[in-house]
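Single-structure report; data block below.
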Amino acid sequence: MREDRMRSPRLMAAIAALALGMSGCGPRIDVRTVANPETGIGSRRTFRVLPVPERRSGPSSSPNDPMLVNSVSNHALRNDLVEAFEDRGYVETDTAPDFEVAYYASAKEKLDVTAWDYGYAWRPRWWRGWGPADVTEYTEGSVIIDVIDPTTKQLLWRGRGVAAVSDNERTYESDLKKTVTAVLDKFPAAHPDLSIRPELRERSPLGQ
């Protein structure tokens with residue numbers, strides 16, 4: 001009995017520590033990705049993040065809407081995208097990029113991707129959606145990242161991350177970064193043996 005009484009506080013302490021550790025892990029991020037079966041990233045090494053086009057319909061629901069060009073969240077999201085692609089070995093450039101990046105994100109409102117036109121077909125013939133729900137509407141806390149061929153405007157790769165949304169602005173921006181990172185962790189890394197234009201070599205994280 002004495003041994004059981006001694007073990008009990010230790011067991012409770014262990015459970016408390018486990019619960020604390022789990023609470024510090026942040027929100028669970030549901031990530032899904034799909035690649036164009038007809039083409040791939042291949043030898044592409046440079047990228048450009050596209051500017052958000054003018055919203056077709058519906059006003060912004062918040063001054064910190066991640067799709068509002070001048071919002072703090074939008075600025076943070078664009079930086080997160082650049083950093084995540086560079087971590088995968090790609091180099092940002094505004095001149096003749098090998099692929100372009102379009103993005104969609106929501107905070108509190110449902111995300112309707114048809115509100116923005118980046119100039120490519122959202123539903124290519126091979127796209128089957130994520131499930132039975134309408135493929136143009138997504139729940140709160142969604143981030144969608146599309147990789148596009150700059151010449152043909154073909155969708156090459158699509159990633160989506162969904163996580164709980166915080167009411168705290170700084171926490172939300174941190175969650176955005178975690179979601180972008182989680183999604184692009186699934187994106188193919190740049191091939192280290194491929195050469196890039198000489199003027200971009202110094203900016204390459206691969207040292208090419």
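Looking across the stretch 34-52, the residues that are under 26 Å from ASN79 (Cβ atoms), at pLDDT below 95 and of a type in the set (D, E, K, R) come down to ARG44, ARG45.
Of the residues in the stretch 80-92, none is in a strand (DSSP E or B), closer than 20 Å to ARG32 by Cα, touching a Leu at 6+ places or on another chain (Cβ under 8 Å) and modelled with pLDDT of 90 or more. If you check every pair at least six apart or on different chains, which have Cβ atoms under 9 Å apart with a residue in the stretch 85-99 that is farther than 16 Å from VAL180 by Cβ first and a residue that is aromatic (Phe, Trp, Tyr) and not in a loop (DSSP other than H, G, I, E, B) second? Sorted first by the residue in the stretch 85-99, then by its partner, the pairs are VAL91/PHE47; VAL91/PHE85; THR93/PHE47; PRO97/PHE47; ASP98/PHE47; PHE99/PHE47; PHE99/TRP157. Filter the stretch 93-119 down to residues that are hydroxyl-bearing (Ser, Thr, Tyr) and at pLDDT 95 or above and give me whichever is surrounded by the fewest Cβ atoms within 10 Å (Cβ to Cβ). The residue in question is THR93. Each residue in the stretch 184-208 was checked for being among the charged types (D, E, K, R), at pLDDT below 80 and out of contact with any Gly (no Cβ under 9 Å at 6 or more places or on another chain), and 5 of them qualify. For THR181, the conditions (1) part of a loop (DSSP other than H, G, I, E, B); (2) surrounded by fewer than 18 Cβ atoms within 10 Å (Cβ to Cβ); (3) modelled with pLDDT of 90 or more are fulfilled apart from (1).
Determine, yes or no, whether VAL69 is out of contact with any His (no Cβ under 6 Å at 6 or more places or on another chain), at pLDDT 90 or above, surrounded by 10 or more Cβ atoms within 10 Å (Cβ to Cβ) and hydrophobic (A, V, I, L, M, F, W, C). So VAL69 fails the test.
ALA133 meets each of the listed conditions (1) of a type in the set (A, V, I, L, M); (2) modelled with pLDDT under 85; (3) under 19 Å from VAL34 (Cα atoms); (4) buried (at least 17 other Cβ atoms within 10 Å of the Cβ) apart from (4).
The values are calculated or read from the model by the stated rules, or taken from the named source; none is laboratory data. The structure presented is a predicted model; accordingly, all values stated were derived computationally and were not measured. When we count neighbours, we look across all protein chains shown, and the Cβ atoms used for this are built from the backbone with ideal geometry, even at glycine.
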